[in-house]
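Chemist: One structure, as structure tokens, below. Some questions next.
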Amino acid sequence: RGKGYIVDALEAALWAFWSDEDSFDKGSLKAVNLGGDTDTTAAIYGQLAGAYYGYKNLQPKKWVDSIYAKDFILCVSSWITYEGKKWFEKQVKPG
């Protein structure tokens, strides 16, 4: 349970992620219902689960539909992906 100390929040978020039954909805609710530093715990859980499940697989749709500045965030994430691919290609080119 998170209590304002990052290690506790990380531990709580990892617990929520590992026990979310492959459901972003269930994991998010577990993260916030633990009590303590729930905003930090849920933020960490959201990052872990979002990276694992991917944006297109987040369910229920109500979570995706209520994201503030969703179009801007998607634009920035596309740009970061593009730049990352360009950087990676430079790193693996022979010579």
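Since every read-out is calculated from the coordinates, none of them should be taken as a lab result. These figures come from a predicted structure and were not determined experimentally. Don't worry about glycine lacking a Cβ; one is built from the backbone with ideal geometry, like all the others, and counts go over all protein chains shown.
Chemist: In a shell of Cβ-Cβ distance under 14 Å around Gln91, excluding Gln91 itself, what net charge do Lys and Arg (+1) and Asp and Glu (-1) give?
Modeler: On the way: positive: Lys85, Lys86, Lys90, Lys93; negative: Glu83, Glu89.
Result for the neighbourhood of Gln91: +2.
Chemist: Tell me which label goes with the value of Kirkwood radius over Cα pairs in Å computed from the coordinates here: (1) 14.8; (2) 13.4; (3) 12.7.
Modeler: Calculated Kirkwood radius over Cα pairs in Å: the matching label is (1).
Chemist: Separate question: Per 0.36 nm of contour for each residue apart, how much would the distance between Lys56 and Asp25 grow if the chain were fully extended, relative to their Cα-Cα spacing?
Modeler: Values: separation 31, 0.36 × 31 = 11.16 nm, distance 1.41 nm.
My answer for the length gained is 9.7 nm.
Chemist: For the pair Asp39/Ile67, report the inter-label distance in nm, with labels modelled 7 Å from Cα in the Cβ direction.
Modeler: If labels sit at Asp39 and Ile67, their model points lie 2.1 nm apart.
Chemist: Now a separate question. Give Lys30/Lys86; Lys26/Lys90; Lys62/Lys86; Lys30/Lys61; Lys61/Lys86; Lys30/Lys70 a once-over and call out the pairs whose C-alpha atoms are over 29 Å from each other. It would help to have the intermediate numbers written out before the result.
Modeler: On the way: Lys30/Lys86 38 Å; Lys26/Lys90 41 Å; Lys62/Lys86 34 Å; Lys30/Lys61 18 Å; Lys61/Lys86 32 Å; Lys30/Lys70 24 Å.
Over 29 Å Cα-Cα: Lys30/Lys86; Lys26/Lys90; Lys62/Lys86; Lys61/Lys86.
Chemist: Roughly how tilted is helix 38-53, in degrees to the nearest 10 and between 0 and 90, from the longest Cα axis of the chain?
Modeler: Long axis of 38-53 versus the principal axis of the chain: about 40 degrees.
Chemist: Can you give the angle from 0 to 90° between the axis of helix 70-92 and the longest principal axis of the chain, with both taken from C-alpha atoms, to the nearest 10?
Modeler: 50
Chemist: Along the charge dipole of the chain, Cβ charges K/R +1 and D/E -1, which of Ala43, Ala12, Ala31 sits furthest on the positive end?
Modeler: Looking along the dipole axis, the top candidate is Ala43.
Chemist: Working out 0.36 nm times the residue gap between Cys75 and Val32, then minus their Cα-Cα distance, what length gain in nm do you get to one decimal? Provide the component values of the computation, followed by the final result.
Modeler: On the way: separation 43, 0.36 × 43 = 15.48 nm, distance 2.83 nm.
Result: 12.6 nm gained on full extension.
Chemist: Using a simple charge model, +1 on the beta-carbon of Lys and Arg, -1 on the beta-carbon of Asp and Glu, nothing else, what dipole does the chain show about its Cα centre, in debye to the nearest 20? Write down the numbers at each step before the final one.
Modeler: Working: 12 positive and 12 negative charges, 72 e Å.
About 340 debye.
Chemist: What is the set of long-range amide H partners of Gln59 at a cut-off below 5 Å, with H atoms built 1.01 Å from backbone N?
Modeler: Answer set, sorted by chain and number: Phe24, Asp25.
Chemist: What's the angle, to the nearest 10 degrees (0 to 90), between helix 24-33's Cα axis and the longest principal axis of the chain?
Modeler: 50
Chemist: Given the -39500 (n - 2.57) contribution per DSSP H run of 4+ residues, what per-residue ellipticity at 222 nm results for the chain, rounded to the nearest 500 deg cm²/dmol? Provide the component values of the computation, followed by the final result.
Modeler: Working: 5 runs with 67 residues, N = 95.
My calculation for the chain gives -22500 deg cm²/dmol from helical runs alone.
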